[in-house]
1. How big is D, in µm² s⁻¹, for the chain by Stokes-Einstein at 4 °C and 1.567 mPa s if Rh is the Kirkwood radius over C-alpha pairs?
2. Principal axes first, then extents: for the Cα atoms of segment 11-111, list largest minus smallest coordinate on each axis, whole Å, largest first.
3. Where does each of 122-134, 30-42 land if you order them by average Cβ count within 10 Å, highest first?
4. Roll a 1.4 angstrom probe over the protein heavy atoms and tell me the percent of accessible area of the chain that is carbon or sulfur.
5. Just add up the charged neighbours of Leu139: K/R +1, D/E -1, any other residue whose Cβ is under 14 Å from the Cβ of Leu139.
6. What does the net charge come to around Leu21 if you take all other residues with beta carbon closer than 13 Å to its beta carbon, with K and R at +1 and D and E at -1?
7. Full-extension gain between Val24 and Glu80, please, as 0.36 nm times their residue separation minus the C-alpha to C-alpha distance.
8. Please give the per residue accessible area of segment 1-151, computed with a probe of 1.4 Å over protein heavy atoms only, in Å².
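The values are calculated or read from the model by the stated rules, or taken from the named source; none is laboratory data. Remember, it's a predicted structure, so these values are computed and weren't measured experimentally. Quick reminder, even Gly has a Cβ in these numbers, built from the backbone with ideal geometry, and neighbours come from all protein chains shown. SASA here: full protein model, heavy atoms, side chains in, ligands and nucleic acids out. Shrake-Rupley method; radii C 1.70, N 1.55, O 1.52, S 1.80 Å.
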Amino acid sequence: MGVGVPMGILAARKKWVYGLLEPVLDLMQTLPTFVYLIPAVIFFGLGAVPGLIATVIFALPASIRLTHLGIASTPTALTEAATAFGATPMQKLLKVELPSAFPQIMVGLNQTIMLSLSMVVIATLVGAGGLGQPVLNGLNRMKPDLGFEAGLVIVALATVLRVMLEVRKK
């Protein structure tokens, strides 16, 4: 979100930036998840670093696209009124566009969390460890109950985080 929201804001402000980003975002969203791990493992070896890089690349497009959507869909009347009252571009962003885009940005945060949690299991295959380790252990030991239980815990974590976001929005 720390990278995606600013990039989404920039893309909403500068159409040519979104024109450059759009094919890259399309590529990032359509590549199979395992493909992210290949260059990361080649450059950084096995461990947490390639898992982190693959997770960031996998989850980033959602926050960029949804922030862009929120900022770009701010009603023109609101931005024109802010301009008419003498708001600077920064004031317009902070006082008009971001509050108007808040629901889309929160959906972007939700999607980023969900995509990240789905990628951590796959990243465990390259030695990243973390939440996906019990799932991998269940696969390696031929204990489907262990893998299924760990998967349910990850789903429960995702649900708790989503509910916390819902409560935060209200």
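1. Values: Rh = 17.8 Å.
Estimated via Stokes-Einstein, D reaches 73 µm²/s.
2. 55, 23, 19
3. Values: 122-134: 19.3, 30-42: 14.8.
In decreasing order of mean packing, 122-134, 30-42 become 122-134, 30-42.
4. Numbers: 7200 of 9950 Å².
Roughly 72 percent, rounded to a whole number.
5. On the way: positive: Arg141, Lys143; negative: Asp145, Glu149.
Local charge sum for Leu139: 0.
6. On the way: positive: Arg13, Lys14, Lys15, Arg65; negative: Glu22, Asp26.
Residues near Leu21 contribute +2 overall.
7. Working: separation 56, 0.36 × 56 = 20.16 nm, distance 3.17 nm.
Here the answer is 17.0 nm.
8. Heavy-atom SASA per residue in segment 1-151 reads 56 Å².
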